[in-house]
1. About the Cα centre of chain B, what is the dipole size in debye to 20, counting +1 per Lys and Arg Cβ and -1 per Asp and Glu Cβ, all else neutral?
2. Test of understanding: in a Gaussian network model of chain A with alpha carbons linked when under 10 Å, which of A:PHE133, A:PHE125, A:PHE23 would top the mean-square fluctuation ranking?
3. With +1 on the Cβ of every Lys and Arg and -1 on the Cβ of every Asp and Glu, and nothing else charged, how large is the dipole of the protein assembly as shown about its Cα centre, in debye rounded to the nearest 20?
4. Taking Cα atoms, how many degrees apart are the long axis of helix A:113-124 and the longest axis of chain A, rounded to 10 and kept between 0 and 90?
5. Set the Förster distance to 41 Å, then compute FRET efficiency between B:LEU21 and A:GLU122 from the Cβ-Cβ distance, nearest 0.05.
6. Taking Cα pairs under 8 Å and at least six residues apart, what relative contact order does segment B:10-79 come out at, in percent?
7. Give, in nm to one decimal, the length gained when the segment between A:ASN227 and A:LYS21 is fully stretched (0.36 nm per residue of separation minus the Cα-Cα distance).
8. Looking at the calculated P(r) for segment B:13-83, what percent of the C-alpha pair distances fall above 20 Å?
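Every read-out reported here was derived from the displayed coordinates using simple, explicitly stated rules and does not represent laboratory data. Note that this is a predicted model, so its numbers are computed, not measured. Please note: Cβ atoms are built from the backbone with ideal geometry, for glycine as well, and neighbour counts cover all protein chains shown.
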Amino acid sequence: MADTINYAELKKGGFMKQKQKGFGSLRLAVVGGNLTASQIKTVSEVAEKYGKGYVHMTSRQGIEIPFINVNQLAEVKAALAAGGVKTGVCGPRVRTVTACQGSEICPSGCIDTYTLAKELDERYFGRELPHKFKFGVTGCQNNCLKAEENDVGIKGGMEIAYKESACIGCGVCIKACRTDALSIADGKIVLDESKCNNCARCVKSCPTDAWEGTPGYIVSFGGTFGNFVYKGEELVPIIKDKETLFRVTDAAIEYFEENAKPSERFRKTLERLGDEGLKKKVRAAYAGQ
Amino acid sequence: MAEIDIKYDDFVDITDKVCPLTFVKAKVAIDELEDGEVLAVKMNDGEPVQNVPRSFKEDGHQILKLYDNEDGTYTLLVRKVEE
């Protein structure tokens with residue numbers, strides 16, 4: 001009955017057709033790159049029993065189990081669900097939200113990426129749209145999670161303020177800064193704000209906490225890294241609260257939903273229409289409208 | 001050479017090491033000091049000077065000063081702080 005299989009419908013449940021007739025690679029739901037040890041055990045058992053005893057790690061922190069027989073799909077999903085593992089999605093909808101380990105784990109992190117990835121996942125995962133739509137969250141300017149290659153990328157940063165009274169003029173921050181935004185004059189540090197990229201290396205390195213950092217979200221829009229490559233662009237200043245962040249991400253996704261043609265990626269919509277419309281919408285959202 | 005105007009108890013040169021051995025060598029040196037003693041660490045420009053001071057801070061030690069030796073190296077003065 002292979003001719004009656006609706007692969008578009010199966011893709012919603014993360015089942016990717018294979019070259020081998022009747023088999024597919026089953027994509028699993030992973031948020032922010034984390035799975036529990038018990039979930040991994042379940043995945044392992046399912047891959048042994050129903051697949052070929054191996055899994056494939058995807059480029060976006062997902063796991064797929066290849067060689068699942070389409071006739072056993074329901075059984076496989078039930079076995080996964082019993083072990084707390086959900087299936088992922090493919091096709092024209094919001095995909096896996098990726099994240100680095102963020103400030104809870106990584107010394108470089110400026111934001112709690114995993115919590116944010118879970119929140120984005122709850123808010124958007126699987127939402128039907130004209131084309132695929134990817135969110136990626138990275139904790140700092142090291143950009144391990146490649147924020148700008150996503151339709152909406154979120155990167156942690158800090159807005160910085162100098163507390164002169166605490167500064168001992170040691171000069172560590174000047175060397176830690178990678179954008180030459182800092183210099184020293186009369187034993188005190190001078191900041192060139194036009195050069196600061198909010199990386200917070202000064203905050204992280206200062207031995208006396210003379211740099212005060214307020215964490216924030218640097219958001220990029222319209223990135224893509226497939227057939228066509230484009231680096232997402234920052235259209236609003238660093239965002240310091242989640243309420244504003246979600247207002248801005250809502251605005252971006254709504255703009256895409258309202259303006260994209262079917263099967264048109266976000267970047268292509270922006271190239272067809274120009275980015276003025278999106279800029280206006282996300283800047284209004286940023287301003288609280 | 002910059003004039004080092006802080007008294008130190010030990011000196012270690014990590015300009016001959018590459019990451020991660022730069023910090024390993026510096027860490028071994030500070031581990032051998034007593035609480036409150038000061039270590040001078042000579043390091044190269046670039047990654048070492050961007051990261052070694054911060055690594056000391058993350059380990060809880062107190063950075064006193066960073067001297068630019070004006071020859072592509074820096075000397076960091078750091079006071080040992082026991083856990």
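1. Values: 10 positive and 20 negative charges, 43 e Å.
The dipole of chain B has a size of about 200 debye.
2. Of the options given, A:PHE23 has the highest mean-square fluctuation.
3. Working: 51 positive and 55 negative charges, 506 e Å.
Here the protein assembly as shown has a charge dipole of around 2440 debye.
4. Roughly 50 degrees, rounded to the nearest 10.
5. On the way: r = 44 Å, r/R0 = 1.07.
Using R0 = 41 Å, I get an efficiency of 0.40.
6. Details: 103 pairs, mean separation 23.7, N = 70.
About 34 percent, as a whole number.
7. Details: separation 206, 0.36 × 206 = 74.16 nm, distance 2.63 nm.
Net length gain for the segment: 71.5 nm.
8. Working: 471 of 2485 pairs.
Looking at segment B:13-83, the distances longer than 20 Å represent 19 percent of pairs.
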